[in-house]
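Below is one structure, written out as structure tokens; comments come after it.
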Amino acid sequence: MAYPFQMGLQDATSPIMEELLHFHDHTLMIVFLISSLVLYIISTMLTTKLTHTSTMDAQEVETVWTILPAIILILIALPSLRILYMMDEINNPSLTVKTMGHQWYWSYEYTDYEDLNFDSYMIPTQELKPGELRLLEVDNRVVLPMEMTIRMLISSEDVLHSWAVPSLGLKTDAIPGRLNQTALMAMRPGLYYGQCSEICGSNHSFMPIVLELVPLSYFEEWSASVL
């Protein structure tokens, strides 16, 4: 999860988030090179005598500054499109979980099980135990198996919400009357925190999401105990 004064993105837990981190670094390097070049040109024009003003009318220069930005945009667009298609691809999910947004809490339903569903509310500050995180802890965590493809079906019953878990690279809108889907796969166990990322009302900031990724054997024991 995030920590105070963090400058970068959260550590990647899923393959998709790793790709997003690589794309972020790739794009940031291009922006850094462009910014350095522009700063160098500006400083040069301000500190040197312009002795070759006719160069600004040359066809070669116009050709370069027209083609070069197009090449740069292609270098950004191709990796971006690749990741977008990867995020939309869902191949043979091992488990399907449906989440519904409410004002202001989430409800979850494990569609592969008959009666496995619950609501997930934020724990009030005065009821937190030592070590629990304020505004992020919930009374019912979403327990999921790690290293398995899980399909999330996301919708809403009232207003627009957004189901987001940054460390897994997930952010999908919950829209009333529409069922969106996304896939997740965590490579290591742990607790992963998220929040509603849509301004859905006065308690928008009190809709935390907590995923507990565990080994498959532990998940089977948990599901059997709940049922």
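The values are calculated or read from the model by the stated rules, or taken from the named source; none is laboratory data. Values in this document were obtained by computation on a predicted structure and should not be read as measured data. All Cβ positions, glycine included, derive from the backbone under ideal geometry; neighbour counts span all protein chains shown. What goes into the accessible areas is simple: the full protein's heavy atoms, side chains included, and nothing from ligands, DNA or RNA. Shrake-Rupley method; radii C 1.70, N 1.55, O 1.52, S 1.80 Å.
Observations on the model:
- Test set (1) in a loop (DSSP other than H, G, I, E, B); (2) among the hydrophobic types (A, V, I, L, M, F, W, C); (3) under 15 Å from MET1 (Cβ atoms) - VAL159 fails condition number: (3)
- Count of residues meeting criterion [open to solvent by 50 Å² or more (accessible area, probe 1.4 Å) and either of a type in the set (Asp, Glu) or more than 23 Å from GLU212 (Cβ to Cβ) (or both)] in region 1-18: 5
- Sub-7 Å Cβ pairs linking a first residue in region 48-77 that is under 30 Å from HIS26 (Cβ atoms) to a second residue that is open to solvent by 90 Å² or more (accessible area, probe 1.4 Å) and modelled with pLDDT under 80, at least 6 apart or interchain, number zero.
Residues checked against (1) in a helix (DSSP H, G or I); (2) under 20 Å from PHE118 (Cβ atoms):
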site	(1), (2)
GLU147	no, no
MET152	no, yes
SER155	no, yes
ALA183	no, no
TYR192	no, yes
CYS200	no, no
ILE209	no, yes
LEU213	no, yes
SER223	yes, yes
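- Residue match in region 53-75 (condition: under 23 Å from the mean Cα position of the chain (by Cα), more than 26 Å from GLU157 (Cα to Cα) and open to solvent by less than 50 Å² (accessible area, probe 1.4 Å)): no
- Pair list, Cβ under 8 Å, 6 or more apart: region 103-121 residue at positive phi, other residue surrounded by fewer than 17 Cβ atoms within 10 Å (Cβ to Cβ): none
- Within region 138-182, tally of residues that are surrounded by fewer than 16 Cβ atoms within 10 Å (Cβ to Cβ), under 18 Å from the mean Cα position of the chain (by Cα) and of a type in the set (A, V, I, L, M): 1
- Flag for LEU135 being open to solvent by 30 Å² or more (accessible area, probe 1.4 Å), touching a helix residue (DSSP H, G or I) at 6+ places or on another chain (Cβ under 9 Å) and among the hydrophobic types (A, V, I, L, M, F, W, C): yes
- All told, LEU46 falls short of being part of a loop (DSSP other than H, G, I, E, B) and not charged (D, E, K, R).
- Of the residues in region 123-136, not one is part of a strand (DSSP E or B) and under 14 Å from TRP104 (Cα atoms).
- Checking LEU135 against (1) under 21 Å from SER14 (Cβ atoms); (2) in contact (Cβ under 8 Å) with a residue 24 or more places away in the chain; (3) in contact with a Phe, Trp or Tyr (Cβ under 8 Å, 6 or more places away or on another chain), the condition it does not meet: (1)
- Which numbered condition SER35 misses (of (1) modelled with pLDDT of 90 or more; (2) under 25 Å from LEU136 (Cβ atoms)): (2)
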